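These notes concern the structure reproduced below.
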Amino acid sequence: MVRRKDKKAAKTQASTTEFPREESRFTVVIVGGGASGIAAACAIGKIAKMNFVDVRVVILERGRRIGASILRSGNGRCNFSHEGITPEAYNRPVFVEQVFEALDTAFTLSPLAESLGQLPGGSSEDAVLQWFQSLGLVWTESAQNEGALYPFSNKATSVLEVLAAELDRCGVERYCGIEVFNIAKISDRYSLDLGDALAEGELAQSPQAFHADMVVYAVGGALRADVQPTGVLGALDWIPSVPVLGPLQTDTALLKDLDGMRAKVRLRCTERGFSEEGELLFRPYGVSGIVVFDASRFVEPGDTIVVDLAPDYSLDQLEEFLFERSRVLMRRNGYPHTYRELLRGFFLPELAESLVASGLAELPSATDGLDSEVSGAGITLLSTSIKAFSLKVTDRGSVDQSQLSRGGISVEDVVPTTMEAYVNPGFYVTGEVIDVDGPCGGYNLHWAWATGLLAGISLMQEHSFRSRISRDYSDL
């Protein structure tokens, strides 16, 4: 259990693996100490405290630290949400819309709404942002990425600090280094097999049983690829997971000298109807960058992505621009010039060489590549190459390279108004473990907060209902 005398360690990590002890109190276990799990724990603990209800809330985290994924997000700055989020940005828009609408209603009617307006720092009609305001977080909108919200300090630690303070206020217990091997329903309670995730050998294979009245399953996507669902999880429909919001591996013949080079582009994939502007980063294995991350949600291996390296020009404008440059060079130099001279000051030499190799490969007068003499036909072909630099996608980036995974528990198995599993009353699922994902820019963290809050509010409503039924029967 987290103890106040060790305040610094208490906030986020456990130095040694400690297992929770069984108690007779009504117990809720949160499996996973990421964004959605923390949000659920905060909601449950806060509502229980405000309603003077005795509920034990326990977070079990597999890693060494609570909230580690929050600290990693946004390169340590934590793009925790996005202004004006719409369900259409997600891969399951109908389900997401139902969840967001249910949260807005549930939050307004819950005790959580009573703590609003106590602190300055921004206002919003969005339940997630209202909740963060009540925790004391001050945020600002990114100047580079319109709508993306970051803590005012520009540090992810500020987000985790307000969350840890709320967990402390609500008496939420946190245990790190705990592996949950299996969850089974026994009578009206849940039995969890726990192991030491940081141990090796026999100790790691010796699970301990722990029991809970309700469970919030918020493990994120990291465990889906290497765990065969059993018990309660085996009753759910699992969509195979694939990494998204990551780089794309492509054919590399034209990329060998471009590693680390960045460019503002428009990236298109006609097969998937994707088109978006943003920064692209060339890598030895393919392409990366925010626009590629967003494209990875749609593009499949075998598709062709088309990179427009001059998105501010139409094809006609670009071609006329290059012809005019050629005329200027001819007047200035008084002799024929090369593609190297034509593109000097426009593109870096390495990229210019790849563009010429891509667009002029079949032109007989361009056998010397970048050092070939410019021709009218060559300018026309080069313009097309700049506007449509094509790469064949061979694979997705790895799980380690990607921000999250698509797949997990099917939305068909989750009640969108509560986040409770249809087949397992008292068992809630939140965040990335559900087959829902959105683009870069705070959408996925917003989804995590939203589902965690909705699960926490709904769970406490169900607990209140069960308590009233129990009292009614005891009076008979």
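The values are calculated or read from the model by the stated rules, or taken from the named source; none is laboratory data. Quick caveat, the model's predicted, so the values are computed rather than measured. Note: ideal-geometry Cβ built from the backbone for every residue, glycine included; neighbour counts use all protein chains shown.
For this structure, a couple of remarks:
- On inspection, LEU137 passes the criterion of being in the same structural domain as THR17 (by TED's automatic domain parsing) and farther than 27 Å from GLY278 by Cα.
- Within region 321-370, being more than 19 Å from VAL307 (Cβ to Cβ) and polar (S, T, N, Q) holds for SER326, ASN333, THR338, SER365, THR367.
- Against the conditions (1) surrounded by fewer than 19 Cβ atoms within 10 Å (Cβ to Cβ); (2) among the small types (Gly, Ala, Ser); (3) in contact with a strand residue (DSSP E or B) (Cβ under 8 Å, 6 or more places away or on another chain), SER358 satisfies every one except (1).
- Qualifying residue in region 176-197 (condition: touching a Gly at 6+ places or on another chain (Cβ under 6 Å), of a type in the set (S, T, N, Q) and either surrounded by 22 or more Cβ atoms within 10 Å (Cβ to Cβ) or modelled with pLDDT under 95 (or both)): yes
- The set of residues from region 300-347 being of a type in the set (S, T, N, Q) and part of a loop (DSSP other than H, G, I, E, B) comprises just one member, SER314.
- Contacts under 7 angstrom Cβ, first residue in region 50-78 being under 13 Å from VAL28 (Cα atoms), partner β-branched (Val, Ile, Thr) and not in a strand (DSSP E or B), 6 or more apart: VAL55/ILE44; VAL57/ILE44; VAL57/VAL172; ILE59/ILE66; ILE59/VAL172
- Residues within region 252-299 that are modelled with pLDDT under 95, assigned to a helix (DSSP H, G or I) and aliphatic (A, V, I, L, M), tallied: 1
- Taking region 130-153 as the range and being touching a residue at least 60 places away in the same chain (Cβ under 8 Å), closer than 15 Å to ILE85 by Cβ and not aromatic (Phe, Trp, Tyr) as the test, the residues that pass are SER142, ASN145, GLY147, ALA148, LEU149.
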